[in-house]
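What follows is a short report on a single structure.
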Amino acid sequence: MISYIVASRDSVAAAPRKGLQVRKAYPLIISLALLASSLEAGPQASSRAQPPASVQQPGQGELRQVDESTPAAPVDPKTYQIGPEDVLLIRVWREPELSGSVVVRPDGKISLPLIGEVTAGGRTPAELDQEITQRLSEFINNPEVLVQVLAVRSKKYYIMGKVNRTGAFPLVVPITVLEALSEAGGFQPWAKRNKIVILRGNQRLRFNYDEVVKGKRLEQNIYLQNGDYIIVP
C-alpha cells in the first residue's frame, strides 16, 4: 500500500513536468508548421506574380496596342518621308489584332502580323499604306488600312547658345529660323542676336535677328533642314 501511494505521488509529480515540457514545445511546433505552410505558398505566390510567357513587351519595330484617341503628328501623308525612330500608327479596319503603334527600326523596317517585315524608311505614309494593303490582301478580303505618323523622331534641328531653351527639336513641319528661335523661349541677356549662325553640313549661314524682325533681308530667314544647328553666341 505504501509503495502504491509513493508511486502514485511520483506519477502525479511527473505529470506537471510532462505538461510543462509539452507547453514549451508548442512554440517550436507552431513555428515549424508556419514555415512549412510558407514554403508551400511561396512558389505559388511567385508564379502568380510572373506574367505568362506569351505576354511580353514588344521590341522596337514590332506592333503594340495604342489608345485610339492618340493624336497624329501634323505631317503631310503624301510628302513626309518616314525615318528611323519615327512612331507610326497602323489601323486595319475591323482587325484590332493587326492594328497598333510601331517604332521604325534603325534599318528602316517594321514588323507586322501575318506579313512580317515591311520597309517603312524612305516612304511616305501613303506609300506605306498601299504596301501594307497589298500584302494583307493575300490573307484578308479587301483590307482597309490607314497609316499615320504619331511622333516624328527621325528629323530634328538643334539650338545652342544664349537662348532660354536649348537642345533638340523635332522637325515635324517646315519651320523657319525665326520660328525656331521663338520655340526656344527667347534670348538670354547679352545674346548677340545679329550674329546668329546656322550650321548645315559644311556650310555656315548667317542670320541677323534684328534685321529680320524689322523686315530687312528676309532671304536669310531660311527653312531649316534635318540636322541643322542654330548657334546663338
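See the values below:
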item: Members of region 100-116 that are assigned to a strand (DSSP E or B) and free of Cβ contacts under 8 Å to residues at least 40 places away in the same chain; result: Gly100, Gly116
item: Meets criteria (loosely packed, with under 12 Cβ neighbours inside 10 Å, outside any strand (DSSP E or B) and small (Gly, Ala, Ser)) for Gly122; result: yes
item: Residue in region 207-223 that is part of a strand (DSSP E or B), outside the structural domain of Leu89 (by TED's automatic domain parsing) and in contact with a Phe, Trp or Tyr (Cβ under 9 Å, 6 or more places away or on another chain) present; result: no
item: Members of region 134-165 that are of a type in the set (Ser, Thr, Tyr) and within 23 Å of the chain's Cα centre (by Cα); result: Ser154, Tyr157, Tyr158
item: Neighbours by Cβ (under 8 Å, 6+ apart or cross-chain): first from region 190-203, more than 17 Å from Gly227 (Cα to Cα); second among the aromatic types (Phe, Trp, Tyr); result: Arg193/Phe187; Arg193/Tyr209; Asn194/Tyr209
item: Within region 128-188, strands (runs of 3 or more DSSP E) holding 1 or more residues that are farther than 24 Å from Val118 by Cβ and either touching a strand residue (DSSP E or B) at 6+ places or on another chain (Cβ under 6 Å) or of a type outside the set (Phe, Trp, Tyr) (or both); result: 156-161, 167-170
item: Residue match in region 166-174 (condition: touching a helix residue (DSSP H, G or I) at 6+ places or on another chain (Cβ under 7 Å) and free of Cβ contacts under 8 Å to residues at least 60 places away in the same chain); result: yes
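Yes or no, residue by residue, for (1) touching a Gly at 6+ places or on another chain (Cβ under 9 Å); (2) closer than 28 Å to Leu88 by Cα; (3) surrounded by 17 or more Cβ atoms within 10 Å (Cβ to Cβ):
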position: Tyr157; (1), (2), (3): yes, yes, yes
position: Val172; (1), (2), (3): no, yes, no
position: Val177; (1), (2), (3): no, yes, yes
position: Ala180; (1), (2), (3): no, yes, yes
position: Ala191; (1), (2), (3): yes, no, yes
position: Leu205; (1), (2), (3): no, no, no
position: Lys214; (1), (2), (3): no, no, no
position: Tyr223; (1), (2), (3): no, yes, no
position: Pro233; (1), (2), (3): yes, no, no
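The values are calculated or read from the model by the stated rules, or taken from the named source; none is laboratory data. Since this is a predicted model, take the numbers as computed values, not measurements. We place every Cβ from the backbone using ideal geometry, glycine too, and count neighbours over all the protein chains shown.
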